[in-house]
1. When the expected Rg is taken as 2.2 N^0.38 Å, what fraction or multiple of it is the alpha-carbon Rg of the chain?
2. Is the C-alpha gyration tensor of segment 184-383 telling us rounded, prolate or oblate? Criteria: a/c under 1.5 is rounded; beyond that, a/b larger than b/c is prolate, otherwise oblate.
3. What accessible area per residue, rounded to a whole number of Å², is obtained for the chain using a probe radius of 1.4 Å?
4. Between Leu359 and Lys85, with labels modelled 7 Å along Cα→Cβ, what's the label distance in nm to one decimal, could you check?
5. Quote the FRET efficiency, to the nearest 0.05, computed for Gln27 versus Asp325 with a Förster distance R0 of 41 Å and r equal to the Cβ-Cβ distance.
6. To the nearest whole percent, what portion of all C-alpha pairs in segment 20-142 is separated by more than 22 angstrom?
7. Taking segment 87-142, how much of its Cα-Cα pair set, in percent, is spaced more than 15 angstrom apart?
8. So what is the relative contact order for segment 158-275, in percent, with contacts set as C-alpha pairs under 8 Å and at least six apart?
Amino acid sequence: MNPFEFITANKVICEVGAAHKLAQYCQELEISRLMLVTDSGIVQTGMADPLVAEIEKAGISVFLYSDVEADPPESLVLASVEVAKSEKIDGVVGLGGGSSMDVAKLIAVLATSEQPLAEMYGIGNIRGGRLPLIQVPTTAGTGSEVTPTSIITTGATTKTGVISKQLLPDIAILDAELTVGLPPHVTAATGIDAMVHAIEAFTTRHKKNVYSDMLARQALVLMSANISEAVHNGGNLEARSNMLLGAMMAGQSFANAPVAAVHALAYPLGGHYHIPHGLSNSLVLPHVLRFNASTASVLYAELLPFVSHGRSVAGSSAGCDAFIDHMDQLIDDVNLPKTLREMKIAEEDLPMLADDAMLQQRLLVNNPREVSRDDALAIYRAAY
């Protein structure tokens, strides 16, 4: 067995309606001036209103910060931190998808730190602690509620990560009621995103370990069995709960066994065209799997039963092919776009995307097969 270290949130609560106990959890962490970090879409749905009212009823002051946007730029993070300092907050709740939770993590660190954000990029560079932090996902996708990672858009299009154990929350709350209103296309894209996390964690070249493998397999069982139901019958609370739990388990898995080329090639799609992260992953997933097949066939074949209700195929090559075909068909089943052409990406942009993907070396080094610039371009062409 390979030696490994495994880190995750201090506490995970998986319970329908648990978000309505936020006041109790804030009191446990001795929060008196809370910053609730979310986006305008969440506010417009009215989802945040009862939560804020319940927290305030408990005597806790709440500042609602709803300026988070997809692929949050560095300037937004810095502005949010200034707001947090001026409001003298002593605790943070992230409510939303990955962007809101990623911003909440950095607010919790930067609100009491003299260390500039620029020094925090990379792995393990945060000095000092953070404010109490609770994460409440409203999508079953990123797993950000249990990862020590915050992804920020730096410059015009490049995404850069802050990765440090201080970004793990005190409490992660999985309340499936908060995901019931998600539109089918968002449910589909975030669900495939979470499955990618599990697949890439299971096949990572670095830090692969038995604990992450266990979580990845179970995450795939939960999500493959429930994603179609959650997409086509969004009111099914059991399917929503299983998707949320599966996404979190995938998050725990890749937080300790990092993702690779699917994410590296997806990031430029989000950076240049603002394609949602889960959809970006979905667009390149089958093509990265086929590229990796020559070196990862045994691992892909091993995953086949976990995505296909126990189906097995004799031989690793056949099992690998069956796994890739199954994932490709699943993307069809949940009605996601399949080609870059459908996303109105110009074919002459593909070399630029390949150049940008090669900047994601922190991800590419984890891929089971080495990826060159020509390889990246060929994958984008296959996805076109």
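The values are calculated or read from the model by the stated rules, or taken from the named source; none is laboratory data. Not measured: the values here are computed from a predicted model. Don't worry about glycine lacking a Cβ; one is built from the backbone with ideal geometry, like all the others, and counts go over all protein chains shown. Remember, those area values only see protein heavy atoms, side chains included, never the ligands or the DNA or RNA. Shrake-Rupley method; radii C 1.70, N 1.55, O 1.52, S 1.80 Å.
1. Here the Cα radius of gyration is 0.94 times the empirical estimate.
2. Since a/c reaches 1.5 but b/c is at least a/b, the shape of segment 184-383 is classed as oblate.
3. 38 Å²
4. Result for the modelled spin labels: 2.7 nm.
5. Efficiency at R0 = 41 Å is approximately 0.20.
6. 30 percent
7. Every Cα pair in segment 87-142 considered, those over 15 Å come to 50 percent.
8. This gives 35 percent for segment 158-275.
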